[in-house]
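Please treat every number below as a calculation from the coordinates, not as lab data. Note that this is a predicted model, so its numbers are computed, not measured. Cβ atoms come from the backbone with ideal geometry, glycine included; neighbour counts cover every protein chain shown.
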Amino acid sequence: MEPIPDTSFYFYLGYFVLLGGMILYLGSLWYRWRRLRRAWEDLAMLERLDDEL
Amino acid sequence: MPGEERPLALRVLWVLALTLIVASLAMVWFYAPMERVMGLVQKVFYFHVAANWLGMLSFIIAALMAVLYLITRDPRWDRLEVAAVEIGWAFSIMGVVSGSVWARPIWNTWWTQDPRLITVTVMVLLYSGYFLFRRAIIDPERRARHSSVYALVAVVTVPLTFLSARIYRTIHPVVVGKSSADAMGGFDMAPEMRLTMFFTLFAFTVLYAAMLWERYRLETAQRALEEEKARLMEV
């Protein structure tokens, strides 16, 4: 019986790509939410300043 | 901020999706047997197939949203369409890159001029253009309308990609359904492999539902911000 080839490096690399890609995408969603929240805060501050003036 | 509070159903969906992904990883690692010819790298197959499944499913959903937008002109369908295209695009890229990693030890090359590889690349490039196309149109109504037509045209690449390995002479394996009579790839699946594959597909589909909902909420909140900015500019 022939021995099973050692392709473990490519196995880990494949899952690094797949899981890394998923984490990156989920991270981008989180980052965009955070950026949006800050933009709303800035807008609220501008409105407050506008009212004060 | 509108839409900041995440609905309970979405939170439950996220927890369920992430639990299923961890469970499917455990199945890949500990339950699915090792293939004798390819060795450990064959296990890339489970997430590679699931990523591509999710990509194609997402592009089909985007096309359905495009049809609904063109019929109703309701901007909610447009927001869902953008969300679906973005997720499909991201997962298709993951599918292509992971396939290339799998190909290296098995085909002895990162890339080859195979019908499946070419059609999937055309699909990814076409959907990359979708985002550039959207950015080029300023008027929201016109942008939504034209993007819907774009999504409808681009979806042609999905069946083309799916069928390419089934129609043409290819080295890319077909594991569900029949391949071309003179196809050269392929491998037989043990029952444990089949179960792991279908479980992973299910896990990715649940994850997709959570991501689509989340991305839709984000798109809605972004547009609300744009409208608020426009309102303030008028004042």
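In region B:193-212, the residues that are within 21 Å of A:LEU24 (Cα to Cα) reach residues that are surrounded by 23 or more Cβ atoms within 10 Å (Cβ to Cβ) and of a type outside the set (A, V, I, L, M) with C-beta atoms within less than 7 angstrom, at least six apart or across chains, in these pairs: B:THR200/B:SER24; B:THR200/B:TYR46; B:THR200/B:PHE47; B:ALA203/B:SER24; B:TYR208/B:SER58. Which numbered condition trips up B:VAL120, out of (1) away from every other protein chain (no Cβ under 14 Å); (2) outside any helix (DSSP H, G or I); (3) farther than 23 Å from B:GLU219 by Cα? All conditions are met except number (2). The requirement of being in contact (Cβ under 8 Å) with a residue 12 or more places away in the chain, more than 14 Å from chain A (Cβ to nearest Cβ) and surrounded by 15 or more Cβ atoms within 10 Å (Cβ to Cβ) is fulfilled nowhere in region B:27-46; no residue meets it. Taking first residues from region B:116-144 that are farther than 25 Å from B:THR161 by Cβ and partners that are of a type in the set (Ser, Thr, Tyr), the Cβ contacts under 8 Å between residues at least 6 apart in sequence or on separate chains come to B:ILE137/B:SER147; B:ALA144/B:TYR69. Residues in region A:27-53 that are hydrophobic (A, V, I, L, M, F, W, C), within 30 Å of B:ALA51 (Cβ to Cβ) and more than 8 Å from chain B (Cβ to nearest Cβ): A:TRP30 alone. Only one entry of A:TYR12, A:TYR31, A:TYR25 meets the criterion of being under 26 Å from the mean Cα position of the chain (by Cα), over 27 Å from B:ARG217 (Cα atoms) and free of Cβ contacts under 8 Å to residues at least 12 places away in the same chain, and that entry is A:TYR12.
When we screen B:ALA50, B:ALA17, B:ALA84, B:ALA66 for residues that are touching a residue at least 40 places away in the same chain (Cβ under 8 Å), in a helix (DSSP H, G or I) and at the interface with another protein chain (Cβ under 9 Å from one of its Cβ atoms), the only hit is B:ALA50.
Scanning region B:87-116 for residues that are more than 9 Å from chain A (Cβ to nearest Cβ) and within 13 Å of the chain's Cα centre (by Cα) gives B:GLY88, B:TRP89, B:SER92, B:VAL96.
Residue by residue through region B:70-79, note down the ones that are surrounded by fewer than 24 Cβ atoms within 10 Å (Cβ to Cβ) and touching a helix residue (DSSP H, G or I) at 6+ places or on another chain (Cβ under 7 Å).
B:LEU70, B:PRO75, B:TRP77, B:ARG79
Within region B:185-235, which residues are among the small types (Gly, Ala, Ser), within 11 Å of chain A (Cβ to nearest Cβ) and under 25 Å from A:LEU19 (Cα atoms)?
The answer is B:ALA210, and nothing else.
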